[in-house]
1. Long-range amide H contacts for Gly63: which residues qualify at under 5 Å (H placed 1.01 Å from N, peptide plane, sequence gap of 5 or more or a different chain)?
2. Measuring from centroid to centroid over Cα atoms, what is the spacing of the stretch 55-102 and the stretch 133-203 in Å?
3. Just going by the charge dipole of the chain, with Lys and Arg at +1 and Asp and Glu at -1 on Cβ, which of Phe62, Leu213, Leu43 is farthest out on the positive end?
4. If the reach is capped at under 24 angstrom between alpha carbons, list the lysines near Lys7, excluding any in the same chain fewer than eight residues apart.
5. P(r) tail for the stretch 122-165, what percent of Cα pairs lie past 14 Å?
6. For the stretch 97-112, just list the computed ³J(HN,Hα) in residue order, Karplus coefficients 6.51, -1.76 and 1.60, θ = phi - 60°, integers in Hz, with x standing in for Gly and Pro.
7. Using the Karplus equation 6.51 cos²θ - 1.76 cosθ + 1.60 (θ = phi - 60°), what ³J(HN,Hα) coupling, rounded to whole Hz, does each residue of the stretch 67-73 give in order, writing x for Gly and Pro?
8. Amide H of Leu168 versus every other amide H placed in the peptide plane: which residues, excluding those fewer than 5 positions away on the same chain, fall under 5 Å?
Amino acid sequence: MVVDETKLRKLLTTPVASPTSRDLRRDGSIFHVGGELPPQETLETIFDSHSLAPAELFHLTFGAPDTFSNGEALARLIKRNFSAHILGTMDYPASTPLLEQAYAAGIDIIQIPLGRPDQEERRAALLHARTVFPRWGVASTLPLGEVSIDATLAEIDDLLSHGIVPLLQPPPQTGLCGPEEAAAAYSHLAAAWRRFKVTLAPLLPLIALATPLVPKNQGGTLRGFINRLRDRRLLAASDLRRALRVRQVEESFESAGL
């Protein structure tokens, strides 16, 4: 992937709005779903939109921990009714039980953003998430401009060394990060993804929307067909791994008489 300078300038001046736990909207092939929305009514709205143009990625933003069960119900409904990856965002240091429940409900990739006051607790939650989700099934966003560019690049490499997918978030206001620094950060990110052989296919709709990175070779109809087959294989493998893990957990509870 390479940096598209036109997209970069646009992102630095008008960053993509971060979804909230009350959102229900589409951005191209991404369906943003708030984890605090009523499940059945939300599912009906999704069906109406999905029938016109299938979504490639569902982005479920969980609310606070005390509303987690609502987001969990939404995840189960989406997984049961649609054939697409689900990215779940928890904007807090989620506990291991919540991570286990999110994975069992159908979340394919869990995202816990960094760059907050409780960063160390979030980092610990990310490492716990790696014991639940598969390699490259955990992601984290790093804000541009809040620390030095060198610190951001080091953070990218550190996350990758733990099997966590780093993503970059454009600064909320202009002036926090210049175009040259941002281009260098995104170029480093793309090179690091390649170096660590990150499985990016499920996140490509989000990368296309929220970053200035574009494929070197766009490909044609055949390439698009091959990519769809690969995505279906990844989704099937993800669902199989989840089913096996949930069964193992259930069997361990039964053997313990719980």
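What follows draws every value from the coordinates through simple rules; no lab data is involved. The shown structure was predicted, so the numbers you read here are calculated from the model rather than taken from an experiment. Because the Cβ atoms are built from the backbone with ideal geometry, glycine has one as well, and the counts that use them run over all protein chains shown.
1. Placed amide hydrogens put Gly35, Glu36, Gly71 under 5 Å from Gly63.
2. Here the answer is 23 Å between Cα centres.
3. Leu213
4. Lys216
5. Details: 444 of 946 pairs.
Everything past 14 Å amounts to 47 percent.
6. Running phi through 6.51 cos²θ - 1.76 cosθ + 1.60 with θ = phi - 60° gives x, 5, 5, 4, 5, 4, 5, 5, 6, x, 5, 8, 9, 9, 10, 10 Hz.
7. 10, 4, 4, 5, x, 4, 4
8. Leu142
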